[in-house]
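Every number here is computed from the coordinates shown, using simple stated rules; none is lab data. Being a predicted model, the structure only gives us computed values, none of them experimental.
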Amino acid sequence: MSTNRKWIPVRKSHLHYYDDIPLYYRTPSGNITLYKPAGMTFTDESLSRKYSIDEYFIHPENRLQSIESAQRGFNSELLKKLSGPDISELKNSLVDLVEETLSAPRAGGLTRIPQTVNQMVTGFSERPNILKNFAKISFNDYTTALHSANVMALTIGFCYYTSLSENETRKLGLAALLHDIGKTEVPSHLLKASRRLSDEEFEKIKQHPAFGFEILKLYREEEIREAALGAIEHHEKLDGSGYPEGKQQISFIGRVLAIIDCYEAITNDDRPYRTALSPLNALELIKKDVDKGQLDREIFRGFAYSLTNFKKSS
Ligand SMILES: [Fe+2]
Ligand SMILES: [Fe+2]
């Protein structure tokens, strides 16, 4: 797995995750200098005095260790937030975690993500009422990380209301969270473009399922490798009109994600060049693709049923 050789910027709000890692900062003259060695915590008085620093960095050699360290911190925060009253906090943490992870998926950054999803599935099974809120919260800043978190929440809701086993829910939840991981290798100006893309540009975006497949297959962990199927198939259609392969035989994970991914994208306000639809209008639009034989009817019914139940319990 390759490692990016550049200094890695760290958000100020995340500094406390990096107690075990040396941190660096940029001096006024532009040099990058050691800020604290590994093992020094941010409660140390010597550190709190250096209040005017704007940019912190991690050495490229510590990249993987830093992602693991941040994920440990995020996972333990998620556990606390799962039992707390504030769902938006929980979702913020998850989005932060996914953003951090997206920074280096080929370098091994996904290793702890199954643990995150397991925690969420267990937490959601114990408290189904938090599920509906989790799926409902909208953010202004629409990113792949947020979209992925939303698709995961909707997928876990679908599994819950269609009575899939906890094991099945974990697999689908993880595949949902990682389905667009290949977008990390598509130029971000194309993902953010607020204009209609040229055919050539759209072809580049259409490579993300295959990139995602490659990335997830790099992992030793069985559950991450299994999520690769969802990544490569989530834009396939049952009539062969999808991409990248134009397959007609699509796995259950691929068929579920095709519907939920589409629903999430069209109900969200902040996608470039799109106008958000209401849940009902979105379902009507997706039903047209079901009627054309592109999407799975049974899964569509189950998903619509799960959304109705989110509503009823709110
Ligand atoms: Fe996608
Ligand atoms: Fe997606």
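Some observations on this one:
- Of 192/292; 12/81; 81/192; 36/192, those spanning more than 27 Å from alpha-carbon to alpha-carbon: 192/292; 81/192; 36/192
- Long pairs among 206/288; 204/287; 91/183; 171/288, criterion Cα-Cα beyond 26 Å: 204/287; 171/288
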